[in-house]
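In what follows, a structure is listed as structure tokens, so that the remarks can point back to it.
The values are calculated or read from the model by the stated rules, or taken from the named source; none is laboratory data. Computed from a predicted structure; not experimentally measured. Cβ sites come from the backbone with ideal geometry, for glycine too, and all protein chains shown count toward neighbours.
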Amino acid sequence: MVPKQTGIGQSHGKIILLGEHAVVYNYPSIAIPFPKTSIQTIVEKATSHQTISCDFYTGLLDDMPELLDSLKEAIHLSLKTLNQETYPLSITITSTIPAERGMGSSAAVAVATVRGIFDYFNAELTQSKLLELVNTSEKIAHGNPSGLDALMTSSSTPYYFIKGQKEVPLNMVLDAYLVVADTGETGQTKDAVESISQKLQQKNSLHYQFLINSLGDLPKKGKIALETNQPKILGNYMTQAHNILKELGVSSEKLDELVEEAINHKALGAKLTGGGRGGCMIALAMDKKSAHEIAQALEALGAKQTWVYEMSEQLL
Ligand SMILES: C[C@@](O)(CCO)CC(=O)[O-]
């Protein structure tokens, strides 16, 4: 195995349009790659030790803070697979994906870094090997990941995804705009996933099972709306999904405020996206002008950052 001078790995953010949380329980979900945010990992030979530099930490790989445990695991698993466990590497990560905001940053950083390491060693990396390595490391970040984040941050196609099944590419023809807004609050995916699991196990869980069922029904209908260009109907499903996620206890005051504001500014629908309890929300807008008006209103209400995205930009 002859290493290259420099290995490069890339990935991007993801947005879940419908189905977060229900996807953990084998219901379908709909998600899109979000190339407006991305990660690049550069891998080079280090003089002696294994080092890493990213937004949260610069130093020895072995001393990485607990927060980065899943990334550390992704690096160790990759080096182990390549029989290069002690090879002196310097890993540099740059990211425009806000961390812990429901955009898949933990999976994306693992995807870019695994790709960067394999590229450095000139080793073949199949998509299924990549997903296996990233999903194993994601268990540390998420506890019980569905696999959706790893798939979406490494693919360039919108997918209809059911845990454990072959993903179905979406033939998306939606003539609409997506507004993404960051509340500025960090999301709590692991806690949120665990809290729903507890609710489903408690004695009077029937109500929560009904909610998860209703949430899990929406992507099937949403897929038809997406593939037949019916943004109003899709928007409606998005708002329904938000209300259910709120009832399941995984929204936050700020997310609810931004969702309401988007609807008040003529969004076709709006919801939290990703694990919730902070992080990002999304709103569907009928055209560019409306999308910018919504984004402006959300920023005026305290959104830390907004992105306006034309849905037909899908397929990178
Ligand atoms: C909340 C969740 O459904 C999406 C997190 O982006 C968890 C998962 O799918 O692993």
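Residue-by-condition table, conditions (1) assigned by the TED database to the domain that holds I140; (2) without any contact (Cβ under 8 Å) to a residue 12 or more places away in the chain; (3) away from the ligand (no atom under 16 Å from the Cβ):
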residue: I15; (1), (2), (3): yes, no, no
residue: Y25; (1), (2), (3): yes, no, no
residue: P28; (1), (2), (3): yes, no, no
residue: I42; (1), (2), (3): yes, no, yes
residue: A46; (1), (2), (3): yes, no, yes
residue: Y57; (1), (2), (3): yes, yes, yes
residue: L60; (1), (2), (3): yes, yes, yes
residue: D63; (1), (2), (3): yes, yes, yes
residue: L67; (1), (2), (3): yes, yes, yes
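The set of residues in region 8-42 that are in contact with a helix residue (DSSP H, G or I) (Cβ under 7 Å, 6 or more places away or on another chain), closer than 15 Å to K223 by Cα and in a loop (DSSP other than H, G, I, E, B) comprises G19, Y27, P28. If we scan region 174-188, do we find a residue that is more than 20 Å from the chain's Cα centre (by Cα) and either surrounded by 14 or more Cβ atoms within 10 Å (Cβ to Cβ) or at positive phi (or both)? So far as region 174-188 goes, yes, one or more of its residues are more than 20 Å from the chain's Cα centre (by Cα) and either surrounded by 14 or more Cβ atoms within 10 Å (Cβ to Cβ) or at positive phi (or both).
At least 3 residues being away from the ligand (no atom under 13 Å from the Cβ) is the threshold, and among the helices (runs of 4 or more DSSP H) wholly inside region 73-156 those reaching it are 105-120, 127-142.
Quick check: is even one residue across region 191-209 hydroxyl-bearing (S, T, Y), away from the ligand (no atom under 16 Å from the Cβ) and assigned to a loop (DSSP other than H, G, I, E, B)?
The initial filter retains those residues of region 191-209 that are hydroxyl-bearing (S, T, Y), namely 195, 197, 205, 208.
Now narrow it down to the ones that are away from the ligand (no atom under 16 Å from the Cβ): 205.
This time we only want the ones that are assigned to a loop (DSSP other than H, G, I, E, B), so: 205.
Yes, some residue in region 191-209 is hydroxyl-bearing (S, T, Y), away from the ligand (no atom under 16 Å from the Cβ) and assigned to a loop (DSSP other than H, G, I, E, B).
Those strands (runs of 3 or more DSSP E) of region 234-316 in which at least 2 residues are in contact with a Leu (Cβ under 8 Å, 6 or more places away or on another chain) and buried (at least 24 other Cβ atoms within 10 Å of the Cβ), considering only elements entirely within it, cover 269-273, 280-285. When region 1-13 is examined, which residues are found to be away from the ligand (no atom under 16 Å from the Cβ) and either under 12 Å from the mean Cα position of the chain (by Cα) or not β-branched (V, I, T) (or both)? Passing the criteria: M1, P3, K4, Q5, G7, G9, Q10. If I filter region 273-289 for residues that are free of Cβ contacts under 8 Å to residues at least 60 places away in the same chain and either under 25 Å from S195 (Cβ atoms) or outside the structural domain of P35 (by the TED database) (or both), do I get at least one hit? Yes, the conditions are met somewhere in region 273-289.
Can you spot a residue in region 124-142 that is in contact with a His (Cβ under 8 Å, 6 or more places away or on another chain) and closer than 22 Å to L255 by Cβ? There is no residue in region 124-142 that is in contact with a His (Cβ under 8 Å, 6 or more places away or on another chain) and closer than 22 Å to L255 by Cβ.
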